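Enquirer: Please read through the structure below; I'll follow up with questions.
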Amino acid sequence: MDRVTAASQALKRLVDSPVSVMEVCGTHTVSIFRSGIRSLLPPELGLVSGPGCPVCVTDQGEIDCALSLLDRGAVVAAYGDMFRVPGESGSLASKRERGFDARVVTSAFDLLAMAEGDPVKEVVFLAVGFETTAPATAALLIEASRRGIRNLSVLSFHKRTPPALASLSADPGLRISGFLLPGHVSVILGHAPFSFLASDRGIPSVIAGFDPEQIVSGLVDIALQLHSGEAALHSVYGRAVRPEGNRRALELMDRVFESRDSCWRGLGPLAKSGLALRAEFSGFDAEKRFELKPEQGRTPPGCRCGDVLTGRITPHECPLFGSACTPASPTGPCMVSAEGTCGAYFKFSRRGGGPR
Amino acid sequence: MCLAIPHVITEILDDGAAVAVAGRVRAEIRTDLIDSPTPGDTVLVHAGFAIEKLAPEESAELMNLWEEIRRLSGGEA
Ligand code: SF4
C-alpha cells in the first residue's frame, strides 16, 4: 500500500464526525486538486481553502496605487502573477498593452539592474507576498542602499500570516477544527508565531509541505490530535522547517521592515498584519515618495472573493463563477492567480474529481 | 507565487549569488538568506532566492507518524 492510500485509510478510521480543516496556502489547494486527494478522504472531513494566495489577498486599493504610478510615468515592476489582477483602471497587463512601462520580474534583485539601467526614470517595485517573499525585498533594499541607488522605491504591501490566522481562528462562523499551515512561510518564521493556535485557541495545527504525502500525513496528524483531544503545533515538513525558522531571513526582515496595519482583500483591515519600511529606509518608500494612500476595501462588483478567501463559500457558490468570471477574463484576483481558489476550482473541477 | 522548488547548488559566484540546478533547469540564485552555501547543498528556491537548505533525511517525528499511519491503516507498506 502506498503512503497516500495508507493515510487515507487511517483517516477513514479516525474521522467519524464532521471536521473542517483549513488549508491556508494556495499551493496546498492546487496540490490537493492536482493529486485528487479529496476523493480519498472520508466524507466527514471537509477541506476549506484559506487566504493563502498573496495575489488574492492584495487589496484592490493597493493595485490601484501601482496603476496610478504608471500613469505618472514610473516604471512599475511586479512578479508575473500580479499582472492580470484587475484594479480600478485596468490591470498591469492591460496598461502595458496600452504602452505603459510595467515589467515582470522573477527575482527582487532584477530591480537593481532595472533602476541602474534607467537612471532618469523612477522605478517602483510592487512588493507583495507573505513572509516567504518579504526577505527578498529586504535583501533588495539593503543592497540598493549600499549601492546608493536613488531612483528605486518599493510599494511595500507584504502581509504577515499570523494576524490573518488569529482573525480566522477567532471567527465563530467558520468553526475551523484544524489548520494545515503553509510550509514555506514556516520555513522563514519557524514554529513560534503559530503556536497560539493550539495553545490559546485549542486548534490542532500542522505545518506541511506541498506534496500529497505531506498533505495527507498532516491531515492524519490533525485527526489524531482531534481524537486525543489535545491540540498542538506539529510539523510534517521535517526536511525544511526548523523550529526556530530562518534566522538570517528574520534578521534581514527585521532590519528593513516594521509591522503596520494592513487591509486584506476578504478579511478587511487587520492590526499589524502588514510590513512597512522602517525610517532608515523611508527614502525607498514609494507611498511616501509619491504621497499615496491606498483606498481600503474596494472590490469588483459582484465578486465574492472575500467569502471565498475566508472559506465561507466555495467558488461554485459565486454567481459569476465560470460565467462572467473565468481565467481568460477574471473578475477577481482569486480567478487570476494559478494558486487562487477560484482559478484552481475552475481548472480542476472541469476535469472531474472536483470539489464537493 | 509561493512556489519554492528544490535546487542543488553547483557553483558559488561572487557577491551572494550561486548557480543551482533543478532537473535540467539551471538558474542563477541569490544566497543572501542562507548560511554558508556550498556546492552540493539542496536548497528551496523561492522567487530567485534560496530560502532554506533541505536536510537529507525525514525527521524522526515524521517517521514515527508514518509508522502510526501504517498501523492505523492495517497495511504492511
Ligand atoms: S468566481 Fe470570480 S467573481 Fe466570483 S469570487 Fe471568484 S474571483 Fe470573484
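The values are calculated or read from the model by the stated rules, or taken from the named source; none is laboratory data. These numbers come from a predicted model, not from an experiment. As a convention, Cβ positions derive from the backbone with ideal geometry for all residues, glycine included, and neighbour counts pool all protein chains shown.
Enquirer: Criterion first (surrounded by fewer than 18 Cβ atoms within 10 Å (Cβ to Cβ) and either more than 10 Å from chain B (Cβ to nearest Cβ) or aromatic (Phe, Trp, Tyr) (or both)) does residue A:247 satisfy it?
Expert: Considered against the rule, which asks whether it is surrounded by fewer than 18 Cβ atoms within 10 Å (Cβ to Cβ) and either more than 10 Å from chain B (Cβ to nearest Cβ) or aromatic (Phe, Trp, Tyr) (or both), residue A:247 comes out as no.
Enquirer: Can I ask one more? Looking at A:17, A:49, A:31 in this structure, which one is out of contact with any Phe, Trp or Tyr (no Cβ under 7 Å at 6 or more places or on another chain), in contact (Cβ under 8 Å) with a residue 24 or more places away in the chain and surrounded by fewer than 22 Cβ atoms within 10 Å (Cβ to Cβ)?
Expert: One residue alone meets the criteria, A:17.
Enquirer: Suppose we filter the range A:280-292 for residues that are loosely packed, with under 15 Cβ neighbours inside 10 Å and of a type in the set (Asp, Glu); how many remain?
Expert: Qualifying residue count for the region: 2.
Enquirer: Check every one of the strands (runs of 3 or more DSSP E) wholly within the range A:157-235 and list those with 3 or more residues that are out of contact with any Asp or Glu (no Cβ under 8 Å at 6 or more places or on another chain).
Expert: A:178-182, A:205-208
Enquirer: Right, here's the next one. Among the residues of the range A:332-342, are any within 10 Å of the ligand (Cβ to nearest atom), more than 14 Å from chain B (Cβ to nearest Cβ) and of a type in the set (Gly, Ala, Ser)?
Expert: Yes: one or more hits.
Enquirer: Among the listed residues A:7, A:78, A:74, which satisfies the condition of being more than 21 Å from the chain's Cα centre (by Cα), within 14 Å of another protein chain (Cβ to nearest Cβ) and at negative phi?
Expert: From the options A:7, A:78, A:74, the qualifying one is A:7.
Enquirer: Suppose the filter is touching a strand residue (DSSP E or B) at 6+ places or on another chain (Cβ under 6 Å), aliphatic (A, V, I, L, M) and on the phi < 0 side of the Ramachandran plot; does residue A:21 pass it?
Expert: The answer is yes for residue A:21.
Enquirer: In addition: In this structure, is residue A:226 over 30 Å from residue A:285 (Cα atoms), within 22 Å of the chain's Cα centre (by Cα) and more than 9 Å from every other protein chain (Cβ to nearest Cβ)?
Expert: So residue A:226 fails the test.
Enquirer: Restricting attention to the range A:167-216, report how many residues are surrounded by fewer than 24 Cβ atoms within 10 Å (Cβ to Cβ) and polar (S, T, N, Q).
Expert: 5
Enquirer: Say we look at the range B:42-60 and pick out the residues that are at pLDDT below 85 and facing chain A (nearest Cβ under 7 Å); which of these is farthest from residue A:7 (Cα to Cα)?
Expert: My answer is B:55.
Enquirer: A further question on this structure: Kindly indicate whether residue A:271 is touching a residue at least 24 places away in the same chain (Cβ under 8 Å) and within 15 Å of residue A:158 (Cβ to Cβ).
Expert: Judged against the criteria, residue A:271 is not a match.
Enquirer: Ok, one more. Find the residue count for the range B:2-31, including only residues that are surrounded by fewer than 22 Cβ atoms within 10 Å (Cβ to Cβ) and assigned to a loop (DSSP other than H, G, I, E, B).
Expert: Counting residues in the range B:2-31 that are surrounded by fewer than 22 Cβ atoms within 10 Å (Cβ to Cβ) and assigned to a loop (DSSP other than H, G, I, E, B) gives 7.
Enquirer: Another question, if that's okay. Scan (1) more than 10 Å from chain B (Cβ to nearest Cβ); (2) more than 22 Å from residue A:309 (Cα to Cα); (3) under 21 Å from the mean Cα position of the chain (by Cα) for the single condition residue A:106 breaks and write down its number.
Expert: The number of the failed condition is (1).
Enquirer: Hey, another quick one. Out of all the residues in the range A:293-329, which are buried (at least 22 other Cβ atoms within 10 Å of the Cβ) and either in the same structural domain as residue A:83 (by TED's automatic domain parsing) or within 6 Å of the ligand (Cβ to nearest atom) (or both)?
Expert: Once the filter is applied, which keeps residues that are buried (at least 22 other Cβ atoms within 10 Å of the Cβ) and either in the same structural domain as residue A:83 (by TED's automatic domain parsing) or within 6 Å of the ligand (Cβ to nearest atom) (or both), the range A:293-329 yields A:303, A:304, A:305, A:308, A:315, A:318, A:321, A:325.
Enquirer: Identify the single condition in (1) of a type in the set (D, E, K, R); (2) facing chain A (nearest Cβ under 7 Å); (3) free of Cβ contacts under 8 Å to residues at least 12 places away in the same chain that residue B:67 does not satisfy, given that it satisfies every other one.
Expert: Result: residue B:67 passes all but (2).
Enquirer: Does any residue in the range A:292-310 that is closer than 20 Å to residue A:65 by Cβ come within less than 6 Å, Cβ to Cβ, of a residue that is of a type in the set (Val, Ile, Thr) six or more places away or on a different chain, and which pairs are these?
Expert: These pairs meet every condition: A:300/A:331; A:303/A:331.
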